[in-house]
Amino acid sequence: MKNVTLTINGKTLSVPSGTTVFDAARSLGVEIPALCHHESLPVVSACRLCLVEVEGSRKLQTSCSLLATDGMKVQTETPRLIKYRRAILQLLLDSHPNDCLTCQKAGECLLQKYAYQYGVTFREHDGARRPAQTDLSSPYIVKDDSKCILCGRCVRTCDQVEKERQVLAFAGRGYATRIVADDDKTLETSKCVSCNRCVSLCPVGALLDRRIMGKVRPWEAEVRVKECRSCDYGCHFDVYYKDGKAVAVKARAPEPGRPLCLRGRLMTELLWLERPDTPWRKIGGKFVKASWVKVLGLQRLIDKMELLDAPGDRQ
Amino acid sequence: MITTERDLITIENLREVRERARVKLDGRLKGVSGIAAWEGGYKLTGPFYEKQQRVVLRNCGIIDPENVEEYVALGGYSALAMLLKDWDPKRVIDEMTRSNLRGRGGAGFPTGRKWAEAYRHDVPQKYIICNADEGDPGAFMDRSVLEGDPHSVLEGMAIAGYAVGADMGFIYVRAEYPLAVERLRTAIAEAHERGLLGERILGSDFSFDIELRLGSGAFVCGEGTALMESIEGKRGMPRTKVYRTSHRGLWDCPTIINNVETFANVPVILEKGVDWFLGIGTEDSPGTKVFCIVGKVNNAGLVEVPMGTTINEIVYGIGGGAADGREVKAVQTGGPSGGCIPKSLFDTPVDFGSLARIGSIMGSGGMVVMDDTDCMVDIARFFLDFTVDESCGKCVPCREGTKRMLELLEKITKGKGEEGDLEALSELGEVITSTSLCGLGQTAATPVISTLHYFRSEYEAHVRDKKCPAHSCKELLEYFITEKCIGCTKCARVCPSACISGKVKERHVIDASRCVKCGACQAACPTGAIIKQ
């Protein structure tokens, strides 16, 4: 494939043609802030934080969608860009609840990270805020619309598992835009399969893993990556250790060919956690407590083991 | 062979069909008042039309839009027939490029260049889209063309299809235009019947079909890529532009999307020749433009004039100035994306470049005339209210920023403005303009920025003096009874909050603390003694 040579912040590099400026910068070690962009997802350019200046063009361009071309000269941290990034972050904070102290996402929240990086803080105002609508219907996922920044990562990742998932979608318009499950159902009554793909990609605390809440915070945890043994895909899960004990499992970002699923996550919990929480199954649009045997479909295995164990069979 | 009204129209018999149809049309229009023979065709007569030059609206109000023969009678489909017979696609594109026809949807992108880009890509499937999702408040240019001359749009689309190598077209028309939809359906059916659409158009090897897609009321779907998302059955949100739509548009295929008025221009440009077209308008923007002049003006309606006509000529010459003997204060062009132009700049010629230089845009052609009773802050608030409602919610600056801007404007028009609010408005405006994803967001702040620029004193009066100079913002005005009062008691009797007191034949007084500012007293006063201040 043909290469193109461009300059980013004064440093020249060559990348294969078709590479975005965002990725080219990353390969140089230049991190451009972005909330909506993720390597596993289609590019939408919604958050506008990754805007860069390109020499010869007055118009700013989003680096996530801008293809590198020969001779292109890009600046990623000019005073103008910093001013706009601060303004955009301020707009997001103005609609966001100020509860980082107790938010489970603290420490790994991208909004928090960029607000810190660009020195933007919460402020008092009389204007509108996103209504606090928290969906607590699922034992696996907490969906808190008041924290949602509408980056759409969850919608796009849910959309990638065709037919089986495609649960989350945008609804409403303008400031009243929301992410909904199916036609505005709860996670419980919708066809959500609790795979936690959305949770793993949510940059803020709008979609949280409910089974990790209150147990451990990212900075006090030791995280070990485990490969799921539930099926051939081999998805990856993070096992969180606190004081040497495995306390929680969290789905890692979905990778190509690795869809993530509830069964795999529960299997990983059972395998690694000291005291896994009770599992739940969704039956007819209702979550009910279930046994591990039922949830993981182990009955046949157990029957077989018992059969093998039967005293009559022993020689 | 004598053709009948049921025969297929072909390149060979088109002339004969036209001549026969022309005789019928002449017969029908004979003695019809308001229509006169002109330059081999017809024109509408009367003082409102005298100063106009109708190219796009050439047939509107003259032919029967539900009868393709009447369109053919006045030269319809002859451009398409000529191309199919003698021109190769490249020549069509070269001629369109030479005509410098600029997109009439508002942005003014050269049509020929757009077509050339799609032509360049050698792929089996390409699409033509006609953007008929006209949504600016008070604008109905496209509706009139679709209702009055639908075949001109169909022909323009077929020509585009032939030029770039597309065999499929969509017209995305808003469902709130039931008559336009109906007329388009009739026209498409009739064109099919007569061999003007579908397989082997006009007996040639070229096939092209058109389907309708109805919008569901989202203003943002007038944005090209949001419109394509909508046609694909997805939520109407603009796409980020990795590629131009003429390279990868609808279903990732090269797609030409043009506005109704642009397509309606195409057949007549090719029929009468590019040189004829270049003779109209200005070098920067050749041709004519249809405007929808509305608001506080004497003659409201559709106006088509050569590009470069001054605002003065449109507002006063054709529009007849402000209604009710008032004073024109400004004109707002380009709908919610446009700016307010003060009267002092009314000698500006209306073309893409000139309007941009004074902080407004051509837009699709809306022109709202405002008089001295219109508060410019409130006008900005009105347009922003519209944008906030219609923002798709995808990108942060448009979704969050316009909302904050509207909150500031509401605060100011309610007399609660504070020092620093105007600066906050300017800054938000700059951020939204520079960082939004699509045209809607990038222009959302224009009404605010332009009024802040040209009418800053009105803003300052609201913030500092808590006064609305136009006496339009309810919270900032008081009704007051002057000494002209004759004590007839009519005002006190109509007052719904019973806040007017006074004895018969003595001057009455309004208790401002209880007044709800409904204006009923002013309407009832026989001597004009009640004023707003």
- [ ] Report, by chain and number, residues whose modeled amide H sits under 5 Å from the one on A:ILE8, excluding near sequence neighbours (fewer than 5 apart, same chain).
- [x] A:LEU13, A:VAL74
Open item on the list: Explain nothing, just the number: relative contact order of chain A, from Cα pairs under 8 Å at least 6 residues apart, as a whole percent.
Closed with: 12 percent
Task: Reachable aspartates and glutamates, given that their alpha-carbon falls under 17 Å from the alpha-carbon of B:LYS505 and they are not under 8 places away in the same chain - done: B:GLU483
Open item on the list: I'd like to know how the protein assembly as shown sits against the 2.2 N^0.38 Å rule of thumb: what's its Cα Rg over that expected value?
Closed with: 1.13
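Can you put A:ARG258, B:ARG404 in order, fewest other beta carbons within 10 Å first? Walk me through the intermediate numbers first.
Values: A:ARG258 18, B:ARG404 22.
Ranked by crowding around the Cβ, least crowded first: A:ARG258, B:ARG404.
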TODO: Excluding residues fewer than 8 places away in the same chain, name every one of the lysines whose C-alpha is closer than 28 Å to that of B:LYS30.
DONE: B:LYS43, B:LYS51, B:LYS272
Task: Sequence ranges B:516-527, B:133-144, ranked by mean other-Cβ count within 10 angstrom, highest first - done: B:133-144, B:516-527
TODO: State, in angstrom, two size descriptors of region B:377-436 derived from its alpha carbons: Rg to one decimal place and Dmax to the nearest whole number.
DONE: 11.1, 32
Open item on the list: Considering only C-alpha atoms, what is the centroid distance from region B:144-206 to region B:305-376, in Å?
Closed with: 33 Å
Open item on the list: Could you give each residue of region B:275-282 its phi-based ³J(HN,Hα) in whole Hz, using Karplus coefficients 6.51, -1.76, 1.60 with θ = phi - 60°, and x for Gly or Pro?
Closed with: 5, 4, 5, 5, x, 9, x, 10
- [ ] Working from Cα positions, state the angle (0 to 90°, nearest 10) between the long axis of helix B:89-99 and the longest principal axis of chain B.
- [x] 40 degrees
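So which of A:LYS226/A:LYS250; A:LYS191/A:LYS282; A:LYS226/A:LYS282; A:LYS113/B:LYS241; A:LYS105/A:LYS215 end up more than 20 Å apart, counting from Cα to Cα? Working shown, then result.
Details: A:LYS226/A:LYS250 10 Å; A:LYS191/A:LYS282 9 Å; A:LYS226/A:LYS282 26 Å; A:LYS113/B:LYS241 28 Å; A:LYS105/A:LYS215 12 Å.
Too far apart for the 20 Å limit: A:LYS226/A:LYS282; A:LYS113/B:LYS241.
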Task: Shielding by other protein chains, B:385-397, mean Cβ within 10 Å - done: 6
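Return B:LEU227, A:LEU136, A:LEU41 ranked ascending by Cβ neighbour count within 10 Å, so the fewest neighbours appear first.
Details: B:LEU227 27, A:LEU136 13, A:LEU41 20.
Listing B:LEU227, A:LEU136, A:LEU41 from fewest to most nearby Cβ atoms yields A:LEU136, A:LEU41, B:LEU227.
Per the Kirkwood formula on distinct C-alpha pairs, the Rh of region B:342-482 is how many angstrom?
Details: mean 1/r = 0.0634 Å⁻¹.
By the Kirkwood definition, the hydrodynamic radius is 15.8 Å.
Relative contact order of region B:150-266, please, whole-number percent, based on alpha carbon pairs below 8 angstrom and at least 6 residues apart.
That works out to 27 percent.
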Task: Rg to Rh, two decimals, where chain B supplies the alpha carbon set and Rh follows Kirkwood - done: 1.05
Task: DSSP H segments from chain A that extend 20 Å or more along their own axis, Cα-based, with Kyte-Doolittle mean of -0.5 or above - done: A:79-94
Open item on the list: How high is the relative contact order of chain B? Use alpha-carbon pairs under 8 Å, at least six apart in sequence, and give a whole percent.
Closed with: 12 percent
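Quick one: work out Rg over Rh on the C-alpha atoms of region A:3-77, Rh as Kirkwood radius. List each step's numbers first, then the result.
Working: Rg = 11.2 Å, Rh = 12.1 Å.
Dividing the radius of gyration by the Kirkwood radius yields 0.92.
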Task: Overall Cα dimensions of region B:322-419 - principal axes, largest extent first, Å - done: 37, 32, 25
- [ ] Using the Karplus curve 6.51 cos²θ - 1.76 cosθ + 1.60 with θ = phi - 60°, work out ³J(HN,Hα) for each residue of region B:219-235 in order, rounded to whole Hz, and write x for Gly and Pro.
- [x] 4, 5, 5, x, 6, x, 6, 5, 4, 5, 4, 5, 4, 6, x, 9, 5
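Within 10 Å of each Cβ in A:43-54, how many Cβ atoms from other chains are there, averaged over the peptide?
Details: counts 3, 7, 9, 10, 6, 10, 2, 0, 2, 0, 0, 0.
Per residue, the average neighbour count from other chains is 4.
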Task: Amide H contacts under 5 Å for B:ILE257, placed H, 5+ residues apart - done: B:ILE129
Task: Helix-only [θ]222 nm of chain B, DSSP H runs n ≥ 4, -39500 (n - 2.57) each, per residue, nearest 500 - done: -10500 deg cm²/dmol
- [ ] Specify the angular offset, from 0 to 90 degrees and rounded to the nearest 10, of the alpha carbon long axis of helix B:402-413 from the longest principal axis of the alpha carbons in chain B.
- [x] 40 degrees
- [ ] Sort B:THR225, A:THR12 so that the residue with the fewest other Cβ atoms within 10 Å of its own Cβ comes first and the one with the most comes last.
- [x] A:THR12, B:THR225
TODO: Using only Cα atoms, find the angle between the long axis of helix B:14-29 and the longest principal axis of chain B, and express it within 0 to 90 degrees, rounded to the nearest 10.
DONE: 40 degrees
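Can you tell me how chain A classifies by the Cα gyration tensor, rounded, prolate or oblate, using a/c under 1.5 as the rounded cut?
Here chain A falls in the prolate category.
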Task: Amide H contacts under 5 Å for B:SER207, placed H, 5+ residues apart - done: B:ARG200, B:ILE201
Task: Neighbouring partner chain Cβ atoms per residue of B:235-246, average, 10 Å criterion - done: 4
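If we sort A:103-116, A:284-297 on the protection proxy, mean other Cβ atoms within 10 Å, highest first, what's the order? Let's see the in-between values first.
Numbers: A:103-116: 17.9, A:284-297: 12.8.
Most protected by this proxy first, the peptides run A:103-116, A:284-297.
FYI, it's all coordinate maths here, none of it is from the lab. Please read these numbers as outputs of a predicted model, since none were measured by experiment. Positions of Cβ are backbone-derived with ideal geometry, glycine not excepted, and every protein chain shown enters the neighbour counts.
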